[in-house]
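Remarks on the structure that follows.
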Amino acid sequence: QVQLVESGGGLVQAGGSLRPSCAASGRTIENYAAGWFRQAPGKEREFVAGTWSGGTPLYADSVTGRFTISRDYAKDMVYLQMNSLKPEDTAVYYCAADRTPGRLRSGDNDYWGQGTQVTVSS
């Protein structure tokens, strides 16, 4: 069983940066696809970014060029560098992991974290 724990959310002004982290425990996720989703109040959860070993990182159109996903495989960590933040980026950000890379973007993933709040003020 894999446990995912996010941290590093917070409150930032528009144009600022944050770098949420996701720590995996219980079992290594080095062979898993991993990614980030977000859910804003009153909206459905949406894919933000994803990556897996040997694959090209994927990004939602709304964050391309501003967000960068990365992993530290030795530490079983997943990061999301978020730059040029906008108020519309405000949401709870969730980390997810899946044994099947092709399924990551669907949101029907094997493991989820509890989420970390990101709030961007205008």
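The values are calculated or read from the model by the stated rules, or taken from the named source; none is laboratory data. Not measured: the values here are computed from a predicted model. Glycine gets a Cβ as well: all are built from the backbone with ideal geometry, and neighbour counts include every protein chain shown. Accessible surface areas use protein heavy atoms only, side chains included; no ligands, DNA or RNA. Shrake-Rupley method; radii C 1.70, N 1.55, O 1.52, S 1.80 Å.
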Enumerate the pairs (first residue in segment 92-105 and closer than 12 Å to E46 by Cβ; second residue anywhere and open to solvent by 10 Å² or more (accessible area, probe 1.4 Å) and β-branched (V, I, T)) with beta-carbon separation below 9 Å, excluding pairs fewer than 6 apart on the same chain, so at least 6 apart or on different chains. V92/T116; Y93/T116; Y94/T116
Among residues of segment 25-61 being over 21 Å from T119 (Cα atoms) and of a type in the set (A, V, I, L, M, F, W, C), the residue surrounded by the fewest Cβ atoms within 10 Å (Cβ to Cβ) is L58
Return the residue satisfying two criteria in turn: it lies in segment 1-24 and is β-branched (V, I, T) and open to solvent by less than 30 Å² (accessible area, probe 1.4 Å), and of such residues it is modelled with the lowest pLDDT. V2
Of those in segment 18-39 that are hydroxyl-bearing (S, T, Y) and assigned to a strand (DSSP E or B), the residue farthest from G107 (Cα to Cα) is S25
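Among the residues of segment 101-122, write down those that are more than 21 Å from S25 (Cβ to Cβ) and among the β-branched types (V, I, T).
Of all residues in segment 101-122, those more than 21 Å from S25 (Cβ to Cβ) come to 101-103, 105-108, 117-122.
Selection gives V118, T119, V120.
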For residues in segment 63-81 being open to solvent by 50 Å² or more (accessible area, probe 1.4 Å) and under 14 Å from the mean Cα position of the chain (by Cα), which is farthest from S7 (Cα to Cα)? T64
Only one residue in S106, S84, S122 is open to solvent by 20 Å² or more (accessible area, probe 1.4 Å) and touching a helix residue (DSSP H, G or I) at 6+ places or on another chain (Cβ under 7 Å). Which one? S122
In segment 69-85, anything assigned to a strand (DSSP E or B), closer than 15 Å to A49 by Cβ and not aliphatic (A, V, I, L, M) is listed as S70, R71, Y79, Q81
Within segment 40-59, how many residues turn out to be in a loop (DSSP other than H, G, I, E, B) and hydroxyl-bearing (S, T, Y)? 2
